[in-house]
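Beneath this line is the structure, given in structure tokens, with notes to follow.
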Amino acid sequence: MATLLRAIAAVALLAAATAPAALAQTRTANLRVAVVDPTGAVIVGAQVSARPLEGSGAAALAATNERGEAVFTALPHGRYTLTAEFPGFAPQQIGEFRLRGDARREMKLDLAKIAAEVTVGQDARERATDPRGDAFGNVLTRAQIDALPDDPDEMEETLKQMAGPGAVVRVDGFRGGRMPPKSQIRGIRFRRDLFAAENHGGGMMFVDIMTNPGGGPFRGTADFTFRDGSMNARNPMAPRRGAEQQHNASFTASGTLWKDRTGFLFTSNGSTGYDSRTIVAALPGTPFSDVVRRPSERAGFSARLDHAVTKSHAVRASYQRNGSENDNLGVGDFDLAERAYSRQTSEDIFRLSFSGPVGRDFFSESRFQVRSSATESESLSAGPALIVLDAFNGGGAQISGGRHATEFELASDMDFAKGRHSARAGLLAEAGRYRSDDVRNANGTFTFSSLEAFSAGRPTTFTRRTGNPLVEFTHAQFGWYAQDDIRINKGLSLSAGVRHEVQAHLNDWLNIAPRIGATWSPFRSGRTVFRGGFGVFYEWYDSQVYEQTLRVDGTRQSEIAVRSPGFPDPFSGGSVIVLPSGRLVQADDLKMPMFLRANAAVERTFGSTMRLMFAYSTGRGHNLLRARNINAPDASGQRPDPLAGNVTQVESTARSASHLLHTNFNLNLPWHRTNLFLNYTLAQARNDTDGAFSLPADNFDLAAEWGPSPNDVRHRASAMLNMDLWKGLKLSTTLNANSGAPYNITTGFDDNGDTVSNDRPAGVGRNSARGDGRWDLGGRLSWTFGFGSRNGAGGGGGGPQIVIRTIGGPAAESMGGFSGGAENKRWRFELYVAGTNLSNNTNPLAYSGVMTSPFFGRPTSALAGRRMELGSRFYF
């Protein structure tokens with residue numbers, strides 16, 4: 001017994017002696033290292049090592065996955081040296097990193113040949129005041145991207161709503177084309193243009209979408225979403241719940257064709273289904289409401305090759321094909337079912353990008369795009385249209401024919417870095433060939449002031465377009481720029497540049513646009529940054545506006561207008577006044593619209609979890625486009641040219657003024673990987689035009705048109721909250737809200753005899769009424785799980801993983817991962833349920849401003865009620 005007791009005591013003493021060491025060995029943590037290029041775009045397949053500084057343990061190795069993250073699991077607590085490498089980039093190292101708990105770090109790799117002169121040695125203030133750096137931008141996290149709608153069209157609309165009016169969406173630096181499937185998106189940046197000469201437009205928000213590169217091990221995704229009307233709420237304006245069903249599917253695959261040289265990416269997507277539009281109208285003697293089904297089909301695919309010409313030079317070639325068919329368009333609100341028409345569209349896009357250093361001091365990026373598109377439409381009925389102002393619209397839509405376009409874009413940028421200077425110069429050339437036989441209003445339109453006038457058969461006007469609609473033309477525009485970012489000291493940089501633009505079909509060649517800006521970080525920490533700037537910007541003269549002036553020139557086509565016509569024969573009756581043929585013309589002195597804009601902003605970061613930004617911008621627009629009837633009758637009813645009808649002239653005589661105060665707040669917490677994103681904008685926008693063909697109420701008093709812009713929404717707010725709940729379960733919520741938009745009040749009559757029923761009551765200004773606000777609460781609950789072992793810790797390697805430089809901006813928050821360890825699994829599944837307008841709030845639209853309408857001052861349509869969808873995604 002004594003021997004047994006001694007043995008037990010010895011074992012106990014040995015266990016007590018070794019317990020601290022054993023406990024120390026169990027103290028481990030997970031580490032995620034995100035690797036990005038100089039623009040903030042993720043690099044897939046980069047090699048990352050974590051070498052312990054204590055002991056003789058071997059370095060842990062991992063390659064970055066498709067999220068740009070190298071994932072290390074169960075690393076012992078302690079100090080490490082982190083190293084990241086990728087061909088064509090300078091290695092980056094963090095000399096001492098202390099791991100005490102689950103952590104995440106970002107490592108930015110610079111281009112090998114120019115890194116020494118561009119970023120090495122930058123301290124916090126230098127990074128903060130880099131005009132092309134991370135400050136004053138915003139990047140969606142992976143969870144926030146996942147929370148966006150899965151339908152590409154709905155996702156684009158949501159992004160534009162989050163960005164605000166006038167937002168421009170670019171995919172890998174290109175405009176146009178369809179949005180890629182969500183599973184192909186690796187990053188989304190919101191970046192407000194701060195008056196760089198490289199940008200055509202100014203003061204607007206750019207939404208830059210970066211797609212996953214080709215290369216690496218073979219991998220892909222398969223997505224499927226399902227929406228059915230049985231899961232939705234009734235539209236508040238509809239008499240019954242409308243039928244709705246939507247099936248969306250997409251497939252992506254990528255991999256390596258030639259090791260370390262060539263990678264590929266293939267995507268296909270399609271959808272089929274139908275939704276419903278609500279009709280709210282008033283017929284003689286009775287109100288009318290209905291719900292009309294609108295079928296639609298859409299399909300497309302894209303293929304891309306990424307090729308490393310050398311270790312530092314990359315070329316990317318892609319082709320995409322998209323097509324769609326839609327029926328029962330043009331129905332809804334006041335438009336009855338007989339107004340329906342169908343439309344078929346097709347689009348082919350070829351893109352080519354090349355980037356890389358030129359010598360020791362230059363970096364070049366060029367891109368080329370060819371886009372061929374076609375649109376064909378056909379009406380259900382070709383009968384004359386019956387427009388009873390804001391009561392009902394009947395008769396045929398009279399839309400047929402289509403438009404075929406082949407458009408080219410060539411852009412090239414060259415960067416140069418030397419000493420205190422970081423200069424850039426480039427050019428943009430765009431041209432198109434167009435053929436259009438678009439037919440509108442071939443059989444005429446009767447306009448009635450009210451239901452009483454319709455019942456009595458007394459139209460106000462009858463208009464009809466006659467002649468051959470076929471036009472063929474070319475359109476081209478060109479711009480070049482030069483700019484220099486000068487480093488004054490570590491905390492201050494100045495930017496100066498100039499841009500020059502010219503355009504075909506305009507006798508306006510001196511469009512010189514100077515730009516200037518400054519960025520200042522007064523404190524050593526670099527956490528507070530001020531930025532301001534001023535610039536001149538021009539707006540392109542759209543090819544579709546020029547097309548209309550060619551078509552309705554009085555020779556190819558002309559406009560017939562009849563005042564007080566008979567009905568149904570417009571030329572019968574004793575009070576008929578038939579005007580001579582009218583036409584559209586372009587003013588001889590037409591100019592490119594010009595904008596003067598100024599901006600001031602301040603950004604403050606708090607630790608690594610919080611960021612707050614305030615920005616104020618103001619702008620003035622000159623030479624804006626609008627239309628004016630230069631042959632309108634005067635107060636006595638006499639026209640300047642009695643032998644001509646209405647002569648609608650497109651001219652550059654309008655103006656605008658705007659003020660905008662914007663604030664953004666970001667909060668990122670390690671607790672459940674919680675991210676909060678808040679935006680608020682207070683704005684005022686006033687102008688005296690609603691577009692190139694908008695006619696004033698009084699052609700002799702253009703000053704009376706000055707008033708709120710249709711986009712004068714004073715308050716806009718958006719919020720997004722994302723968090724990991726438990727073992728792969730994620731919750732995302734979104735909230736979008738805005739105050740009411742203005743609308744116009746009109747009498748319903750052609751009081752001044754110009755054949756346009758847009759006259760306002762005496763003393764009432766343009767867009768003087770305002771509708772109610774709207775808000776929408778959405779949510780997404782997903783669960784991700786996986787199984788199987790992945791070859792390689794991070795799933796990278798094997799391909800070039802080429803990164804094409806796009807627009808700079810922050811990316812530290814853009815890479816998320818899967819929860820519950822699924823990111824290290826070979827096969828991964830995601831199941832989710834998502835919804836919009838979860839509170840089923842009534843969000844009114846389309847207020848009637850016609851005083852003779854039975855709906856005057858009331859909304860006649862609303863955004864959809866609660867909508868739910870189910871979806872799944874498979875990663876392999």
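Each reported figure results from applying straightforward, stated rules to the coordinates on display, with no laboratory input. All of these numbers come straight from a predicted model, not from anything done at the bench. For neighbour counting, all protein chains shown are included, and Cβ atoms are generated from backbone atoms with ideal geometry for every residue, glycine included.
Some notes on this structure:
- Between amide H atoms placed 1.01 Å from N, distances below 5 Å from Val169 occur with Val207, all of them 5 or more places distant or on a separate chain.
- Within straight-line cross-link reach of Lys490, aspartates and glutamates at Cα separation under 20 Å, skipping those fewer than 8 residues along the same chain: Asp110, Glu117, Asp123, Glu126, Asp130, Asp134, Glu603
- Among Ile349, Ile516, the order by Cβ neighbours within 10 angstrom, fewest to most, reads Ile516, Ile349.
- Footprinting exposure proxy ranking of Val280, Val439, Val502, Val44, fewest other C-beta atoms within 10 angstrom first, gives Val502, Val439, Val280, Val44.
- Restricting the trypsin sites (Lys or Arg not before Pro) of the stretch 345-386 to loop positions (DSSP other than H, G, I, E, B) with no more than 13 neighbouring Cβ atoms within 10 Å leaves Arg360.
- Taking the number of Cβ atoms within 10 Å of each Cβ as an exposure proxy, the fewest-first ranking of Val562, Val764 is Val764, Val562.
- For the stretch 448-546, the list of trypsin sites (Lys or Arg not before Pro) that fall in a loop by DSSP and count at most 15 other C-beta atoms within 10 angstrom reads Arg524.
- Where labels lie 7 Å past Cα in the beta-carbon direction, separation of Thr555 and Thr733 in nm: 6.5 nm
- Distant-in-sequence amide H partners of Arg104 (H built 1.01 Å from N, under 5 Å): Arg32
- Across the cross-link table entries Lys108/Lys727; Lys311/Lys418; Lys108/Lys311; Lys259/Lys418, which are compared at the Cα atoms, the separations over 26 Å belong to Lys108/Lys727; Lys259/Lys418.
- Annotation: amide H of Ser381 within the under-5 Å range of Ala397, Gln398, sequence separation 5 or more or interchain, hydrogens built in the peptide plane.
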